[in-house]
Amino acid sequence: MQYTVSICAPTAGQLLALEILKEGLDEVDNELERLKLLRDLAYLRMQEIDAFEHVQTKGTFYLFPRVRGCTDSRKLVMDILQSTGTLVLPGAIFGESGEGHVRISIGPLTPEAVDEAFNRLSGFFNKS
C-alpha cells in the first residue's frame, strides 16, 4: 500500500488538476501555438548555421544540434558565451552520447529574442 501512495498522485489531486486544466484549455492552446511558432522559427534559423546537424522534431522547446567538428562541448559553450553573450548548454552534461552537441532552450523567449540568439550564433559559427 505504501508504495502506491509514494509513486502515484492521490486521486483527489488528479481530479483537481483535471478541473484546473479544463478551465485553462484556451491558455494551454495559446501557449502550444506560441511554442510551435518559436520551434519553427528556431529550426528555420538553425539551417543557416552549417556547423549544426539536427533532427527536426514535432515537439519540445529544446534543440539539441550536433556541432560538426566539436569534441569538447564545454569549451565550445564557454567560447560562445564569451564571444556572443549567448548561453547554450554543453551536450556533455547529458551524458557521453551528448558530447559534440549543444542544447538550446527557446521556451521562455519571444520570436525577436530567438532571432537575436540565432543572429549571434550565426555570427559565431559563420565567421570567416
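Read-outs: derived from the displayed coordinates by stated rules, not from any lab. All figures in this text were calculated on a predicted structure; none of them were measured in a lab. Every residue, glycine among them, receives a Cβ derived from its backbone with ideal geometry; neighbour counts consider all protein chains shown.
What to note about this one:
- Among (i) -0.75, -1.06; (ii) -0.66, -0.94; (iii) -0.50, -0.97, the entry that matches log10 I(q)/I(0) by the Debye sum over Cα atoms at q = 0.13, 0.18 Å⁻¹ as calculated here: (ii)
- Segment 85-124-segment 22-73 distance, computed between alpha-carbon centres (Å): 10
- Under 19 Å from the Cα of Lys58 - lysines, other chains or at least 8 residues apart: Lys36
- Least to most buried among Ser97, Ser105, Ser73, Ser83 (fewest other Cβ within 10 Å first): Ser97, Ser83, Ser105, Ser73
- Using Cβ point charges alone (K and R +1, D and E -1), the dipole size of the chain about the Cα centre works out to roughly 460 debye.
- Angle between the chain longest axis and helix 11-23 axis [Cα atoms, degrees, rounded to 10]: 60
- Dipole of the chain, positive direction: furthest Cα of Pro65, Leu38, Gln14, with charges on the beta-carbon: Pro65
- The C-alpha atoms of the chain define a longest principal axis, and helix 25-46 lies at about 20 degrees to it.
- Averaging the sequence gap over all C-alpha pairs within less than 8 Å and six or more residues apart, then dividing by the number of residues, gives segment 14-85 a relative contact order of 21 percent.
- Relative to the longest principal axis of the Cα atoms of the chain, the long axis of helix 73-84 makes an angle of roughly 70 degrees.
- Cβ-defined net charge surrounding Ser122, 13 Å radius [Lys, Arg +1; Asp, Glu -1]: -1
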